[in-house]
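Heads up, the thing below is written out as structure tokens.
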């Protein structure tokens, strides 16, 4: 393989190499330093005069005298069953002291888009044991459901609780967890690792760690390595894979960094104009394929800068993912765990995974009614602050009390409290029964007669 | 209109000079703007978007990884065109009209590159029935025969640009789309299939003013903010406000004869949902699966960005083709923001001078060109057809002041403003009744008068007034509580609540409520009006508002939505309300 020593310019993570033979777009590049160490990069722009290489590691030590080798192929990831239980760097190298991965296959990390025609529609209910998810923002297998959080909120604890408790009712299947950390602190990473070890989940997990002090540009490939691994486990080996990506905000920062180094025209807040397409190439790698056994369910976690949901990162994410779970600082301050605010949260695939066939016939309508009543009670809080509780009508007072009850009995639960969906729905009915029956306009009479505690008991008496 | 089919000879080969993502540069290529070219050894499909001296700049519809400078580029001399003919219906295409089902057969579950697939099956035979005979005069756009494609009859037409002539031979029978079915006396031969360049609107005789509403079965749309057949509408909304559900409801229930649904840069799982659901849903008019009248275009967010740019044109060209047969077509584009972003991405790779927020300066022009392809028209063959365009817009951060929303609003006549606040309280469809508008109200006035009831237009304005009034009153209520309002206005608040909860809220997932006929809409609104009249009368008679609001029978009204044969129940509620109010008045 030819080695070029024609680096002309180094700017940020980019190298500009001159006078090369024709080089393919997207090729993997090895850069050889004077001490013999090797760094990796990828071709971003290629012409017969100039090749632009994006280096995945720090450019420290690279000079005009460094050698550049073009490998002639795009970046590939060696994958194999024995990756389960291993800890790899953000660039895919083992860092747990174990041997190199013996590849069963080498796969392109960009991955190809799943043909929409080949996709199977996700409809299997996943019970996470958390009422605010199961009851009102139901997760289904093959969904991508991000957690929108803020600095200092317990999103990691929630993610771990989900990873620990998630199950499909009545099924015993091969599952795996792929965990990709991008720019999180060692401490946060340890928190995940210890929980994985404690619960034995590590045996079934593949961990990719790009920590806060690892090169930022490496974060560009970390989620792609993780998802390539997940695709292999899911679609080749038939496992049900849960992918946790944290923190996507750090990924987007790295994307912006490269955009700036390339002197591209920036979009909103300096993020590149192609950030939507780029994020889609990550998030869309979730789902089910007709005729294949496995599945990929994604849990990206992102911290919203300034808790601002309209910031480009949560905004573009929300347009691609199938809903979002929003962690609220207000609830957290009230000491409620998990502080999930159901109002801005949403699961777009919820309706596919609930109802008589999957959970219970009243699920959809109970959920709608809970939402509507909580939203109304929550609005009244603003009013009470101005006019006082006494100025409220009887009806409004019941809704106000409902909002408090909802937060304390439905939202609040323990770190390891694993509620069944039936338990969750029954709590919902108990809360709804504090409202006058005629206010339950979202639920039809038959269901009220069957499930409402007041009538349910009457029926039993008869 | 001249289609560039004539110079289909392959011209001299050029060579790749530079590759930067989906945009590549070739030299020594004899090319014209928007020619389709084959790029590299794998012959990836691309389109010429800029010519600069000897450099030809090409956007490539497939992934360019691994392509090197020096690889060959050849020009097909054709514009990006779609194949039009029997076989379009029930198909699902990517942005450049490659059938996704064929792609699965050819390259498996993932989209690989370098595979071409014709838009129509060239092998399948269709039973062609001539509608003209030897000696008949025909011209561009003339209907010469028909094919029973699904439950829809596919009219076979001469291409719009065909010169007039008279029919020499035409014979019924089983043909593929490529076989000649008609020969004119000057020797020209026509197969059933025609090709049309996607970036050129198909010609029509004249454009007419729309006067008939597109009935969608959605109360807030048909009742308050109707779109006309041949009209344009925009649905802007932040994520999670129900854009896609609204689009899908329109695709399912609108009374168009043909539906073209473009999933432009959207979610893969959503397209799958459409694909699995539509074949099982019945067209409320024909009872046949909805899929039989539908063409789907799915270029999901992770499929190549250049093909996403093309997908909108592919869709509208197919819609125009069915319009030319005399059908009412509705086209849903979800989402035009992703299309605009694709333009932005390509434009920035061309290093063009950016306009607002990095979008190219020609964004407004492209959007208006696209929406202008909608319309109610007199076709070349003298029939009436229409294309209604409903475009979703995904404004970043829900901010309607951004360029795509603003430029869209300048063109479209109907604006359905989605509101995240409404969807958070599960008010669906979460269309804000204060911000939305329809500029078709006047032109559709007569239709509602005649087809629904002479009272309807009045009822509609009354409902809007109440809602507007409520918004003003709410501001006061926020400050002092509802008890402080004058008694008549406390009644208004309750009436407005009923309009919102009974009429405006509609459950897309309920088997009955998902589609609400115009008749039922009218009956429901009339019942609310009846309550309002009784309530105001009682208030004047001195009944306190707390007693008026406690009237039990009105609480049954929301249940009407879920009852198919609602008439008896509604009549009973009417009687009960009457009785209850009578009792209140006599007690007062």
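Of all residues in region B:55-70, those that are closer than 25 Å to residue B:100 by Cα and assigned to a strand (DSSP E or B) total 3. Among the residues of region B:71-81, those identified as more than 14 Å from chain A (Cβ to nearest Cβ) and assigned to a strand (DSSP E or B) are B:74, B:75, B:76, B:77, B:78, B:79, B:81. State whether one or more residues within region A:322-340 are at the interface with chain B (Cβ under 9 Å from one of its Cβ atoms) and either free of Cβ contacts under 8 Å to residues at least 60 places away in the same chain or on the phi > 0 side of the Ramachandran plot (or both). The answer is yes; a qualifying residue exists.
Annotation: of all residues in region B:11-33 being surrounded by fewer than 21 Cβ atoms within 10 Å (Cβ to Cβ) and either touching a helix residue (DSSP H, G or I) at 6+ places or on another chain (Cβ under 9 Å) or not assigned by TED's automatic domain parsing to the domain that holds residue B:50 (or both), the one that is farthest from residue B:53 (Cα to Cα) is B:20.
Considering only residues in region A:271-285 that are within 7 Å of another protein chain (Cβ to nearest Cβ) and without any contact (Cβ under 8 Å) to a residue 60 or more places away in the chain, the one that is farthest from residue A:258 (Cα to Cα) turns out to be A:280. Considering region A:26-60, and only residues there that are at the interface with chain B (Cβ under 10 Å from one of its Cβ atoms) and within 30 Å of the chain's Cα centre (by Cα), the residue that is nearest to residue B:57 (Cα to Cα) turns out to be A:44. Number of residues in region A:362-411 that are more than 29 Å from residue A:421 (Cα to Cα) and part of a loop (DSSP other than H, G, I, E, B) equals 3.
The single condition from (1) in a helix (DSSP H, G or I); (2) surrounded by fewer than 16 Cβ atoms within 10 Å (Cβ to Cβ) that residue A:106 fails is (1).
Looking only at residues that are in contact with a helix residue (DSSP H, G or I) (Cβ under 7 Å, 6 or more places away or on another chain) and outside any strand (DSSP E or B) in region B:228-242, which one is surrounded by the most Cβ atoms within 10 Å (Cβ to Cβ)? Applying the filter and picking the extreme gives B:237.
For region B:191-226, a tally of residues being outside any strand (DSSP E or B), farther than 28 Å from residue B:119 by Cβ and in contact with a helix residue (DSSP H, G or I) (Cβ under 7 Å, 6 or more places away or on another chain) returns 14. For residue B:154, the conditions (1) farther than 21 Å from residue B:263 by Cβ; (2) outside any loop (DSSP other than H, G, I, E, B); (3) at pLDDT below 95 are fulfilled apart from (3).
If you check B:245, B:259 for being assigned by TED's automatic domain parsing to the domain that holds residue B:326 and assigned to a strand (DSSP E or B), only one passes: B:259. Residue A:123 meets each of the listed conditions (1) surrounded by fewer than 24 Cβ atoms within 10 Å (Cβ to Cβ); (2) more than 14 Å from chain B (Cβ to nearest Cβ) apart from (2). From the list B:309, B:369, B:266, the one residue that fits, being at pLDDT 85 or above and surrounded by 21 or more Cβ atoms within 10 Å (Cβ to Cβ), is B:309.
More than 7 Å from chain B (Cβ to nearest Cβ), under 13 Å from the mean Cα position of the chain (by Cα) and within 30 Å of residue B:109 (Cβ to Cβ), is that true of residue A:317? Spelling it out, residue A:317 is indeed more than 7 Å from chain B (Cβ to nearest Cβ), under 13 Å from the mean Cα position of the chain (by Cα) and within 30 Å of residue B:109 (Cβ to Cβ). Number of residues in region A:335-355 that are over 17 Å from residue A:428 (Cα atoms) and surrounded by fewer than 20 Cβ atoms within 10 Å (Cβ to Cβ): the value is 5.
Here region B:467-497 is the region considered, the condition is being surrounded by fewer than 21 Cβ atoms within 10 Å (Cβ to Cβ) and either in contact (Cβ under 8 Å) with a residue 40 or more places away in the chain or not in a helix (DSSP H, G or I) (or both), and the residue that is farthest from the other protein chains (Cβ to nearest Cβ) is B:488.
Is it true that residue B:147 is in contact (Cβ under 8 Å) with a residue 40 or more places away in the chain and outside any loop (DSSP other than H, G, I, E, B)? Yes, satisfied. Among the residues of region B:370-409, those that are in a strand (DSSP E or B) and within 14 Å of chain A (Cβ to nearest Cβ) comprise B:392, B:393. Under the condition of being over 15 Å from the mean Cα position of the chain (by Cα) and within 15 Å of residue B:391 (Cα to Cα), the residues counted in region B:289-307 number 0.
If I filter region B:309-322 for residues that are in contact with a helix residue (DSSP H, G or I) (Cβ under 7 Å, 6 or more places away or on another chain), within 14 Å of chain A (Cβ to nearest Cβ), assigned to a loop (DSSP other than H, G, I, E, B) and touching a residue at least 40 places away in the same chain (Cβ under 8 Å), do I get at least one hit? So far as region B:309-322 goes, no, none of its residues is in contact with a helix residue (DSSP H, G or I) (Cβ under 7 Å, 6 or more places away or on another chain), within 14 Å of chain A (Cβ to nearest Cβ), assigned to a loop (DSSP other than H, G, I, E, B) and touching a residue at least 40 places away in the same chain (Cβ under 8 Å). Reported count of residues in region B:384-405, each being out of contact with any helix residue (DSSP H, G or I) (no Cβ under 9 Å at 6 or more places or on another chain) and over 21 Å from residue B:212 (Cβ atoms), is 1. The single residue among A:352, A:343 that is within 8 Å of chain B (Cβ to nearest Cβ), touching a strand residue (DSSP E or B) at 6+ places or on another chain (Cβ under 9 Å), within 19 Å of residue B:508 (Cα to Cα) and touching a residue at least 12 places away in the same chain (Cβ under 8 Å) turns out to be A:352.
Of the candidates A:359, A:310, the single residue that is within 9 Å of another protein chain (Cβ to nearest Cβ) and not in a helix (DSSP H, G or I) is A:310.
Residues are listed down the side, and each one gets a yes or a no for (1) more than 10 Å from chain A (Cβ to nearest Cβ); (2) touching a helix residue (DSSP H, G or I) at 6+ places or on another chain (Cβ under 8 Å); (3) surrounded by 23 or more Cβ atoms within 10 Å (Cβ to Cβ):
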{"position": "B:41", "(1), (2), (3)": "yes, no, no"}
{"position": "B:69", "(1), (2), (3)": "no, no, yes"}
{"position": "B:89", "(1), (2), (3)": "yes, yes, no"}
{"position": "B:101", "(1), (2), (3)": "no, no, no"}
{"position": "B:125", "(1), (2), (3)": "yes, no, no"}
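Residues that are outside any loop (DSSP other than H, G, I, E, B) and without any contact (Cβ under 8 Å) to a residue 40 or more places away in the chain within region A:1-37 comprise A:9, A:16, A:18, A:31, A:32, listed in sequence order. Among the residues of this structure, residue B:367 counts as one that is in the same structural domain as residue B:222 (by TED's automatic domain parsing), in a helix (DSSP H, G or I) and within 16 Å of residue B:333 (Cα to Cα). Out of A:343, A:352, one residue alone is farther than 19 Å from residue B:481 by Cβ, under 27 Å from the mean Cα position of the chain (by Cα) and in a helix (DSSP H, G or I). It is A:352.
The values are calculated or read from the model by the stated rules, or taken from the named source; none is laboratory data. Not measured: the values here are computed from a predicted model. Positions of Cβ are generated from backbone atoms using ideal geometry, with glycine treated the same way; all protein chains shown enter the neighbour counts.
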